[in-house]
1. Report the one residue of L405, S498, N539 whose Cα lies farthest in the direction of the positive end of the charge dipole of the range 397-556 (charges on C-beta: Lys and Arg +1, Asp and Glu -1; origin at the Cα centre).
2. For a quick check of your reading of the filter: which GluC sites (Glu not before Pro) in the range 289-377 sit in a DSSP loop and have no more than 10 other Cβ atoms within 10 Å?
3. Pick out, from P269, L457, S160, the residue whose Cα sits farthest towards the positive end of the charge dipole of the chain, with +1 on the Cβ of Lys and Arg and -1 on the Cβ of Asp and Glu.
4. Regarding the range 482-553, what's the average projected area of the Cα-atom convex hull, expressed in nm²?
5. Can you tell me which of 495-505, 392-402 comes out highest on packing, and rank the rest after it, using the mean Cβ neighbours within 10 Å?
6. Go ahead and run the numbers for FRET between Y172 and R469, Cβ-Cβ distance against an R0 of 60 Å, rounding to 0.05.
7. Assuming 0.36 nm per residue, please report the length gained on full extension of the stretch A189 to K427 beyond their Cα-Cα distance.
8. Determine, from the Cβ-Cβ distance of L535 and D397 and an R0 of 51 Å, the FRET efficiency 1/(1 + (r/R0)^6), rounded to the nearest 0.05.
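Any read-out appearing in this document is the output of simple, stated calculations on the displayed coordinates, not a laboratory observation. Please read these numbers as outputs of a predicted model, since none were measured by experiment. Cβ sites come from the backbone with ideal geometry, for glycine too, and all protein chains shown count toward neighbours.
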Amino acid sequence: MNKLTARILVRLLLLLAVVPMSSRALPGDEVVVIYNRREHGSEEIALHYASRRGVPDSQVVGLRMPVTEQISRSQFADEVQKPVAKFLEERRLWSIGPVAMPTTNGAAAENRLMVTESKIRYLVLCRGVPLKIGPEPEPSPPEPSELRPEFRRNEAAVDSELSCLPLLAGSYPTTGLLRNPVYGVTNSALLHPTNGVLMVSRLDAPTVEVAKGLVDKAMQAEQDGFWGRAYFDLRSPSEPGMKQGEDWIRAAAEVCRVLGFETVVDESPSTFRRGFPMSQIAVYAGWYREHVDGPFLDKQVEFMPGALAYHLHSFSAASLRSADRHWVGPLLEKGATLSLGSVHEPYLGGTTDIGVLVARLYYQGMSYGEAAYASQPVCSWMTTVVGDPLYKPFRRDSQELHDELVAQRDPLRAWSQLRIVNLNLAKGVPKYQLVAYLEEIPATKASAVLSEKLGDLYAELGKPSSALRSWQAALDLDPSPQQKIRLQLRLGERLAESGQIPEAMSAFERFVEQNPNHPDLPTVYGKLIPLATQLDMTNQVARYQEAIAKLTGAQQSASSEPTGASDTMSPAKK
């Protein structure tokens, strides 16, 4: 391919590679920040956030609240809900008045007190603001008779309950759940207190520093670009009532693929195994284990700035203070920027529609707060939303950012060029053209990310020798630790498939030598056994079998966690 043709091809690729962008940065004056005066570090988080996002000092308020994550319904009403509502009215941040509500039986419209005007749309709760409302033995007011028995409960996430604050003046039932009037909307202007929903999220995590970092990582991704790989962990459930959760996660995966993320979808019933090389994570969504497991148990997890991490489980956010129990707290501790989950049993239909969230956030350019509330089927229920609600991952124009990264020879340009390739793959551009693009641009020779992708395309085009050379080149270009593991294992597997048995053995042996603490070494030794058998290396076979027995025994004695998935979530009944 001559240089003129290559330049034309590159321009064509760029024109095709359209990534959604946000029209503007959201103003901080649409936000009220709440912190707990009794909790150490809560005010520090509030002031840090307000400073970074330009929230007016007059919209940062400290309240004296309990310091426990769970509070009673009366504590919530007296020490959280009513003081926040009073603050908003006294500061004239919103106005409440009668609104004519149409009826369905032909009767005259009813006047109901609601928010008629509002200067703010977001409420940010800082670490120290209680997380959840505990159940009351005798709900008051009496249980509505039309509710199914499983929904006749008054526990809730503080966030979800506060999202109904615009309805407080007119009162609403605290037992059960409310249909979210803005679920699934595509017009962000509808996500407004005058439509009955206040977007509430929190800056919360196992430590103060991690909570403060949530806005820093969000703003870094807005400035430098949102890059990385997307991982989706399906479970292929056989129960018909569980299909909804699978469909939501699958839809999120498809959005990421179409938008040019390197997307990995696991269809097996179990979660990603310990040792799975999950590198450079931009998006993770999966289900269904009670406590964090798999690659997220590693000491270092490769979350990229701005990363969204979500695990669907009934109690994924039962506490945000723990770094090793449930899911939301550990994912934030390991470096995720955004997460959300359930504080009590929500039933499947009362959880987040992650497909809608990903589509609104990445494809339609909503803020995280907007996307989070557009994806909630219900309010006054169990979901807590963690992260900066103003975060817009594609705030900058994609073409402008790409040109800037290339001109500055920034290492991040490789991610932009990878996205160009994947966007065009999704649009049906022939793979050989994309190979030509990667072969031509200088960044490929300097980037492990692009060299790995070039190897993948060679393999898909039936060029195994070229693929092996590209993957080896990627290994020599300072890949991330988890990317290096993936490349090493792939080289061994493909060498074995091509009949290069001694070379494959050498590749796996090097892996064992360089990764002595890898949690999935028994699987690697298992790959070595048939190779050694083919070469009649009986002593080696015995050594590998002994290593497997030793490692497996040590892992079984060290593990007290059950190996099967916990299935406490019941499908919501229509």
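1. Of L405, S498, N539, it is N539.
2. none
3. Result: L457, furthest along the dipole toward the positive end.
4. Details: hull surface 17.5 nm².
Its average projected convex-hull area is 4.4 nm².
5. Listed from highest to lowest mean packing, they are 392-402, 495-505.
6. On the way: r = 64 Å, r/R0 = 1.07.
Result of the calculation: an efficiency of 0.40.
7. Roughly 82.6 nm would be gained on extension.
8. Using R0 = 51 Å, I get an efficiency of 0.35.
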